[in-house]
Amino acid sequence: MSQTKNIKSAYYSFVIIAASLGAILFWQIPKLSQSYYNITFIIAYAICLFFIALPMVISESAFGMLSQKLIRPSMRYITRSGGFNWLSLLIMLGALIVLVVVINSLHMITQSAIYTGYWHFAKSADKLPLFIHNFSSPLSVIITTVVLILIFVLHKMQNFTLERILALIGLGLFIALFVYLMINFRHDDSPAVMAFFDIKLYLFNDIMLWYHAITLALLSSFVGVGIHLTTGQYLPTKLSLRKFCFTFITGNIILSLLTILIFKVLTTQTLSHLYQPVTLAQAYALSLLYFITLFICLILAATLLCRVFQITKDNKRSLWRVTGYVALLVIVFIYQFILPYNLQNWLSSSFLICLILFIAYMQTLLFGWIFDAQKLTYQLYKQTNIKFSAVFNVTLRLIAPGAILSLLLMTAFSDFIMPSLMVGIVFFIISLIVTIILGSLLHKRFQ
């Protein structure tokens, strides 16, 4: 495999952050209630990133670095048995769902860009409905096929240098998009945006704020979909954990803040003031900048997700790879043209979130309890000089699994209870007790 064996931690963080921008943030943040478009949510999100998502990211990356194996063999490596092979299948299922959603998003923004371009160059919106009616289905098939071919070519190159370039371009274009919006935002509407920075302490008592903060932190970090397990083996053994954590947390928070600010601007009641001084050409340039930014970030996310499905480490089985991409194309077509919209929405939201939460909880047991039972923490320190702190162990063993399991329990009993902060605390305490008991049993079983 023609891989770059030493990926700098900062570049790796930029790649993950840029991919999450296109695949997660730009699609999940608009689903939030507008009452969460506030710095309070960013603070809660930062807390969840640090105490829940970051330990999972570090554990997955460190384990990939230590095992030097693909997804399925890595489960056997960590447990010294085949008892957790089913978890690798769940990880691949989660990665497949995210990949299909990413490809569908690429299709949607590309189709929107074509329609916008036709409207711009035709200088009339009257012909656009007829154009959409005549060419919507053929365009969908062509766009999806071309996107899959592009992902196939990029995946075949297997070059982190290219992915770093895509990440830097995507992040640069996103900053340019944000600056353009802020420049064209009229000063008399600035109080609506400045209200974003007023901390609303009462929101911390809203259990749904913490639910969305935790799920967004896990999704935007690509926890539970195997990306860190597969790419972690290419991180340098002299990895600086402090530098990695600082870059990952800071970059993720800044991008999330800017994304919420963008949607705060676009959803304000005085939206018309934003576009009054903008000409048709400027509006088209803004739309084009938006499409290109998302397209690059989504392509980056798709190439990372495709690494999860590698058959062999040297990746020389071209027939298997082509067959896999043909099967993926069929799955995407089924998702786009056969599944009803309600089922699509359920798969990409409720089902995916529950699946990621379950995988993340099982991984906390693997990394926090079984990993220690197999003395792999010592082996990691011996080979890489990476030593986990006491705070890290507490968050990985107790805080992260307690929070994740409490969300799963609240989701399971949502029809019988009213969500509240007190209910969340009770579920968190129950989850801690269950995790300690289950973790202790697993520690003894695999010691």
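Applying the set (1) within 27 Å of Ala217 (Cβ to Cβ); (2) at pLDDT below 90 to Ile356 leaves exactly one unmet item: (2). The criterion of at least 1 residues that are in contact with a helix residue (DSSP H, G or I) (Cβ under 7 Å, 6 or more places away or on another chain) and modelled with pLDDT of 85 or more is met by the following helices (runs of 4 or more DSSP H) wholly inside the range 1-100: 9-20, 39-48, 54-67. So for the range 362-379 (the condition being at pLDDT 90 or above and of a type in the set (A, V, I, L, M, F, W, C)), does at least one residue qualify? Within the range 362-379 (the criterion being at pLDDT 90 or above and of a type in the set (A, V, I, L, M, F, W, C)), the answer is yes, since at least one residue qualifies. In this entry, Lys313 passes the filter for residues that are more than 25 Å from Ile169 (Cα to Cα), among the basic types (Lys, Arg), modelled with pLDDT under 90 and more than 16 Å from the chain's Cα centre (by Cα). If you scan the range 216-243, which residues turn out to be of a type in the set (Phe, Trp, Tyr) and either closer than 22 Å to Ile404 by Cβ or not in a helix (DSSP H, G or I) (or both)? The answer is Phe222, and nothing else. With the structure loaded, tell me whether Lys387 is more than 27 Å from Leu93 (Cβ to Cβ), outside any helix (DSSP H, G or I) and among the basic types (Lys, Arg) or whether it fails that test. Spelling it out, Lys387 is indeed more than 27 Å from Leu93 (Cβ to Cβ), outside any helix (DSSP H, G or I) and among the basic types (Lys, Arg).
Of the residues making up the range 336-368, those that are of a type in the set (Phe, Trp, Tyr), in contact (Cβ under 8 Å) with a residue 12 or more places away in the chain and either touching a Gly at 6+ places or on another chain (Cβ under 7 Å) or surrounded by fewer than 19 Cβ atoms within 10 Å (Cβ to Cβ) (or both) number 3.
Restricted to the range 185-204, and to residues there that are at pLDDT 80 or above and not in a loop (DSSP other than H, G, I, E, B), the residue that is nearest to Ile262 (Cα to Cα) is Phe196. Checked against (1) modelled with pLDDT under 90; (2) within 28 Å of Gly83 (Cα to Cα), Ser414 meets all criteria but (2). A count restricted to the range 409-427 and to residues that are touching a helix residue (DSSP H, G or I) at 6+ places or on another chain (Cβ under 8 Å) and surrounded by fewer than 18 Cβ atoms within 10 Å (Cβ to Cβ) stands at 6. Annotation: of all residues in the range 408-447 being among the small types (Gly, Ala, Ser) and assigned to a loop (DSSP other than H, G, I, E, B), the one that is nearest to Phe371 (Cα to Cα) is Ser414.
The values are calculated or read from the model by the stated rules, or taken from the named source; none is laboratory data. Note that the structure is a prediction, hence the values are computed from the model and not measured. Note: ideal-geometry Cβ built from the backbone for every residue, glycine included; neighbour counts use all protein chains shown.
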